[in-house]
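Remarks on the structure that follows.
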Amino acid sequence: MRIGILGCAGRMGRALLAEVMETEGCSLEGGTEMPGHPALGQDLGALAGVDDIGLAASDDAIALIAACDAVIEFSSIDATVRHAALSAEHGTAHVIGTTGLDAAAREKVVAAAARTPLVWAANMSLGVNLLLGLTERVARSLGPEAFDIEIVETHHRHKIDAPSGTALALGEAAARGRGVQLADVADRGRDGVTGARKTGAIGFAALRGGDVVGDHSVVFAGLGERIELTHKAADRRIYARGAVHAARWLENRPPGLYDMNDVLGVA
């Protein structure tokens, strides 16, 4: 399978380059960055931390998408929307790990998926997707009168969105378990004299610092007891591995919007 990486010079982009090159049955077709990016012209092997492979980072996303069986990206919202439309135009499978998409961006991604197979997930790791299922199940079992739900996430100092896409996905899972809409119960910021906690609220706390790849915990706090479900990522390659697996899973799939539950067969 010919795979291209959109946004190849970022932390995830470099991990994806390495993962594709090491995955049997996959060939790295190329990698792109935005015009003017300092990585343009650099060998993709060097960006991935290995020997040069004779492929340089370019800014021609159209050409790369047209040449690939699948493309993968963890990039900006605007770039993701633009690239998804190009993938739809060329019938190229597309794996999206970009987080922070607003309603308008989501609509455009959904529209692209009507024309090409597309996996879009807040987190590509098997462990996190298992955590999502557990969170929904536990929330269904523990009512809001007895247990409060708090979601705590920690990421590196360079992350630009908060709460993380994974934290919000965990919030959605908890809300589904309780049969409510997250938008109606989310508490995404506390400062000053906030008053007592509202029954049924799903709280979020975002920590930023150092080089933390990604830690997520869902806390079910009751009277006299507390249940904590936690996933800690130590290496970005777990996300890259999941994304490449998703790209391969999309081969010969019909157009549609898929998630990692579909890819991994997680109920």
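All of the numbers you see were taken from the coordinates with simple rules; none came from a lab. Note that the coordinates shown come from a computational prediction; the quantities given were computed from them, not determined experimentally. Positions of Cβ are backbone-derived with ideal geometry, glycine not excepted, and every protein chain shown enters the neighbour counts.
Share of antiparallel DSSP beta bridges in region 126-233, in percent to the nearest 5?
Of all bridge pairs located within region 126-233, approximately 60 percent are antiparallel.
With θ taken as phi - 60° and the coefficients 6.51, -1.76 and 1.60, list the Karplus ³J(HN,Hα) couplings across region 33-45 in order, rounded to whole Hz; mark glycine and proline as x.
Per residue, the Karplus-derived 3J(HN,Hα) values read 9, 5, x, x, 5, x, 7, 4, x, 6, 5, 5, x Hz.
Taking only the Cα atoms of the chain, how large is their convex hull per residue, in Å³?
Roughly 137 Å³ of hull volume per residue.
For K108, give me every one of the lysines with a C-alpha distance below 27 angstrom, ignoring sequence neighbours fewer than eight places off in its own chain.
Candidates past the 8-residue exclusion: K159.
In angstroms, what radius of gyration and Dmax does region 126-233 have, counting Cα atoms only?
For region 126-233, the Cα radius of gyration and maximum Cα-Cα distance read 13.4, 39 Å.
Counting Lys and Arg as +1 and Asp and Glu as -1, what is the net charge of the other residues whose Cβ lies under 10 Å from the Cβ of A122?
-2
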